[in-house]
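Here the structure comes first, spelled out in structure tokens, and everything after it is commentary.
What follows is calculated from the coordinates using simple rules that are stated; it is not laboratory data. No experiment lies behind these values; they were computed from the predicted model shown. Reconstructed Cβ throughout: ideal geometry from the backbone, glycine too, with neighbour counts over all protein chains shown.
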Amino acid sequence: MLHGFTVGITADRRWDEQAALFDRRGAAVVHAPTIRTLPLGSEVPLRDATAAVIARPPDVLIANTGLGIRSWFGAADSWGMGPALLAALGSAKIFARGPKASGAVHSLGLDVVAKAPSERLAEAVDLAMPHIRTGTVVAVQVDGSGTTSELDRLCAFGAEVLPIPVYEWKIPADCTPAVRLAKLVISERVQAITFTTGPAIRNWMEILAEHDLDQELLAVLNDGPLVIGCVGPVCAEAAVGCGIRLERLTIPGAFRLGPLVRAIADQLAQQTLGLNVRGHIVKLGGCGVTIDGRSVHLTDIDARLLGALARTPNLVISKSDLLGEVWAVGSTDEHAVEVAIARLRRRLGDLGDAVVAVHRRGYALRT
């Protein structure tokens with residue numbers, strides 16, 4: 001289904017699940033993590049926060065992420081504090097940011113009063129607000145970005161807030177894959193990219209700014225065929241905050257990996273071009289080409305060149321127009337077009353003569 005397409009994955013967690021889903025559909029994958037999800041460098045802050053919760057059981061718990069809740073209880077169990085923590089939360093009204101956090105809470109045998117429908121922390125806080133008075137003790141499991149304005153909002157409302165820091169998000173130790181992915185996107189050798197957290201997008205742009213690639217990448221992200229997948233609205237808000245236009249984003253109806261992959265696959269499938277060339281079915285998708293179901297090995301330039309000709313079959317395209325569409329902006333060497341056309345003809349085998357030269361005008365794909 002997605003033969004010839006390449007997808008860039010920026011996640012560090014569960015990226016292999018994404019890769020497997022795309023691989024089953026025939027797409028190639030480039031993994032370039034732009035984020036590291038790490039446990040806190042020291043156990044002390046989390047252990048102290050856990051002891052505070054046990055000493056003074058909260059009236060309200062706001063569960064932010066499934067990973068955070070599971071990691072918190074895993075750490076508490078390792079300290080021998082798990083049963084006491086579970087008991088301390090037994091009478092708390094628990095509000096979850098979304099299904100993952102809710103599922104983690106339910107797996108502990110605890111009940112969730114409500115979960116935010118669009119998976120925003122602010123919504124979870126909104127749901128909790130009617131249950132908060134001055135002096136209400138509210139435990140908030142914070143995400144890897146650290147403090148949040150929602151903690152300040154709760155404090156301003158009179159709550160006594162207990163932040164629960166479990167993990168942190170960092171820029172990868174090795175940024176080479178993230179830079180390489182950007183270059184592949186800019187050169188149109190990647191046809192889709194996925195984001196599953198807002199910090200992954202912000203980190204990527206920060207990394208690329210240091211390599212003077214951020215503005216060039218933004219231009220491609222905002223104007224081109226690249227499919228940009230965001231797992232949900234919070235992730236999409238981060239993308240918009242980084243300068244990517246909202247209308248360029250593909251956001252699944254259900255904010256999960258499976259629906260995200262399906263949404264991207266549907267978008268890419270719409271970019272597949274099929275046509276009959278002299279009685280043979282030719283299909284082009286990304287940088288891949290099949291003739292009557294048989295895969296033909298083409299370079300990136302070959303595939304883009306054939307795509308340019310196939311989008312307007314039987315119409316002549318000048319060398320200068322082909323240079324502008326297939327090669328880098330500003331290319332002027334028309335001899336490069338002649339060389340690439342000759343190579344394309346060889347690789348198309350029996351259909352090579354369907355690519356014809358029209359004297360002093362250019363080239364066309366005759367069907």
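Be a star and scan segment 342-367 for residues whose amide nitrogen sits under 16 Å from the point 7 Å along the Cα-to-Cβ vector of THR312.
Output list for this probe position: 356-367.
Can you bin every Cα-Cα distance in segment 210-250 into 5 Å intervals starting at zero and give me the percent of pairs per bin, rounded to whole numbers?
Each 5 Å bin holds this share of Cα pairs: 6, 24, 33, 21, 14, 3.
With each pseudo-label sitting 7 Å past Cα toward Cβ, what's the GLU210-ALA55 distance in nm, one decimal?
3.9 nm
Note down, for segment 116-165, the three equivalent ellipsoid semi-axes (square root of 5 times each alpha carbon gyration tensor eigenvalue), biggest first, whole angstrom.
Equivalent ellipsoid of segment 116-165: 16, 14, 8 Å, largest first.
I'd like the antiparallel share, as a percent to the nearest 5, of DSSP beta bridges with both residues in segment 38-168.
Looking only at bridges with both residues in segment 38-168, the antiparallel portion is about 10 percent.
Treat each spin label as a single point 7 Å out from the Cα along the C-beta direction, and report the ASP266 to HIS335 distance in nm.
Label at ASP266, label at HIS335, 4.9 nm between them.
In Å, what Rg and Dmax follow from the Cα atoms of segment 160-221?
14.5, 52
What do the square roots of 5 times the Cα gyration tensor eigenvalues come to for segment 38-168, in whole Å, largest first, as semi-axes of the equivalent ellipsoid?
20, 16, 15
How much length would be gained if the chain were fully extended between ALA173 and GLU237, taking 0.36 nm per residue of separation minus their Cα-Cα distance, in nm to one decimal?
So the extension gain works out to 20.5 nm.
Quick one: order HIS131, HIS31 by neighbouring beta-carbon count within 10 Å, fewest to most.
Going from sparsest to densest Cβ surroundings: HIS131, HIS31.
Just how far, in whole angstrom, is segment 1-55 from segment 131-183 if you go by their alpha carbon centroids?
17 Å
How do ARG346, ARG47 line up, fewest other C-beta atoms within 10 Å first?
Exposure proxy ranking, most exposed first: ARG346, ARG47.
How long is the gain from ASP77 to ILE291 if the chain were fully straight, where each residue apart is worth 0.36 nm and the alpha carbon distance is subtracted?
So the chain would gain 71.2 nm between ASP77 and ILE291.
Have a look at the DSSP beta bridges in the chain and tell me what percent are antiparallel, nearest 5.
Bridges in the chain are about 45 percent antiparallel.
At a threshold of 8 angstrom on Cα-Cα distance, excluding pairs fewer than six apart, so keeping six or more, what relative contact order does the chain reach in percent?
Reported relative contact order: 15 percent.
What fraction, in whole percent, of alpha-carbon pairs in segment 273-365 exceed 24 Å separation?
Of all Cα-Cα distances in segment 273-365, 12 percent exceed 24 Å.
If the label point is 7 Å along Cα→Cβ of MET1, which residues in segment 235-262 have backbone nitrogen under 11 Å from it?
So the set is 259, 261-262.
For Cα pairs less than 8 Å apart in space and 6+ apart in sequence, what is the mean separation divided by the residue count of segment 109-217, i.e. the relative contact order in percent?
Relative contact order, segment 109-217: 20 percent.
What does the extension gain come out to for SER118 and ASP321, with contour length at 0.36 nm per residue minus their alpha carbon separation?
Answer, rounded to one decimal: 68.5 nm.
Select from segment 152-205 those chymotrypsin sites (Phe, Trp or Tyr not before Pro) which occupy a DSSP coil region and have at most 16 other Cβ atoms within 10 Å, ordered by residue number.
PHE157
Rg to Rh ratio, segment 1-95, alpha-carbon atoms and Kirkwood radius?
Result: Rg/Rh = 1.19.
Per DSSP H run of at least 4 residues, take -39500 (n - 2.57); add these up for the chain, divide by its residues and hand me the 222 nm value, nearest 500 deg cm²/dmol.
Calculated at 222 nm, the ellipticity per residue is -12500 deg cm²/dmol.
Over segment 38-168, what is the relative contact order in percent, taking alpha-carbon pairs closer than 8 angstrom and at least six residues apart?
Relative contact order of segment 38-168: 32 percent.
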